[in-house]
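These notes are about the structure you will find just below.
Rule-based calculations on the coordinates, nothing more; no lab input. As the structure is a computational prediction, the values presented were derived from the model and not from experiment. All Cβ positions, glycine included, derive from the backbone under ideal geometry; neighbour counts span all protein chains shown.
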Amino acid sequence: MRRVTVYCGSNTGSRPIYAQAATELGTLLAREGIGLVYGGAAVGLMGRVADAALAAGGEVIGVLPEGLPREIAHAGLTELRHVATMHERKSQMVTLADGFIALPGGFGTLEELCETFTWLLLGFHEKPCVLLDSDGYWSPLVALADRMADERFLHAEQRKMLLAAATPAEALAALRSFEHVRIRKWLDE
């Protein structure tokens with residue numbers, strides 16, 4: 001695994017455990033020789049994960065779309081790529097990475113994760129997606145994915161491809177042990 005894209009909030013959230021997880025993850029990736037790809041900002045959990053990876057000597061690539069305030073861009077990255085749109089941002093972040101980890105975040109984080117996981121389900125890539133479920137943050141999404149499978153909107157085998165981990169070390173282990181399941185998406189055939 002050469003690089004991991006981390007989706008996370010541009011705010012730090014209400015619980016210190018979120019920032020702690022971001023710092024731990026950035027440090028762990030750098031120590032393991034795995035590059036970090038993320039949204040390019042210096043604020044929130046985004047800034048925390050990038051700062052930690054950089055402090056531990058890691059490669060950090062940010063991808064920042066036009067239209068966001070330039071002052072939020074992280075100035076100390078290995079590379080900061082400017083793209084025209086959010087669609088280009090997501091496409092580059094998927095292309096650059098061998099796997100994905102979602103830290104807590106808001107709708108932007110959720111949207112990036114959902115699109116990336118949908119691409120996995122549709123076979124556009126075969127890269128693992130892991131929820132870093134700090135203090136149960138992603139538990140409602142895990143429950144929703146289970147409900148989708150129970151209600152036959154998601155194949156049970158595909159549901160297993162959305163991984164969750166309690167710690168950064170467990171998240172990295174989940175990425176490394178992921179096995180893609182090729183299965184027809186449509187349940188009614």
Using modelled amide H (1.01 Å from N, peptide plane; none on Pro or chain starts), what sits under 5 Å from the amide H of LEU77, excluding residues fewer than 5 places away? none
Based on Cβ point charges of +1 for Lys and Arg and -1 for Asp and Glu, what charge dipole magnitude is obtained for the chain about its Cα centre, in debye rounded to the nearest 20? 180 debye
Per DSSP H run of at least 4 residues, take -39500 (n - 2.57); add these up for the chain, divide by its residues and hand me the 222 nm value, nearest 500 deg cm²/dmol. -13000 deg cm²/dmol
Backbone N within region 106-127 under 15 Å of label point (7 Å from ILE72 Cα along the Cβ vector): 106-112
Extension gain from VAL181 to LYS160, taking 0.36 nm per residue of separation minus the Cα-Cα distance: 6.7 nm
In whole angstrom, the spacing between the Cα centers of region 122-169 and region 25-80 equals 25 Å
Each label point is 7 Å from the Cα along the Cα-to-Cβ direction; what then is the distance between the points at ARG152 and THR95, in nm? 4.0 nm
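What length, rounded to one decimal in nm, is gained on full extension from VAL142 through to ALA84, with 0.36 nm per residue of separation minus their alpha-carbon distance?
Details: separation 58, 0.36 × 58 = 20.88 nm, distance 3.25 nm.
Additional length available on full extension: 17.6 nm.
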Pulled fully out, how much extra length does the chain show between ARG2 and PHE107, if you take 0.36 nm times their separation in residues and subtract their Cα-Cα distance? 35.1 nm
Ranked by how many other beta carbons lie within 10 Å on average, peptides 53-61, 65-73 from highest: 53-61, 65-73
From phi via Karplus (6.51, -1.76, 1.60), per-residue ³J(HN,Hα) for region 90-100 in Hz, x at Gly/Pro: 5, 4, 5, 5, 6, 5, 6, 9, 9, x, 9
ILE17 to ALA55: FRET efficiency via 1/(1 + (r/R0)^6), r the Cβ-Cβ distance, R0 22 Å, to the nearest 0.05? 0.65
For the chain, what is the per residue volume of the convex hull drawn over the alpha-carbon atoms, in cubic angstrom? 106 Å³
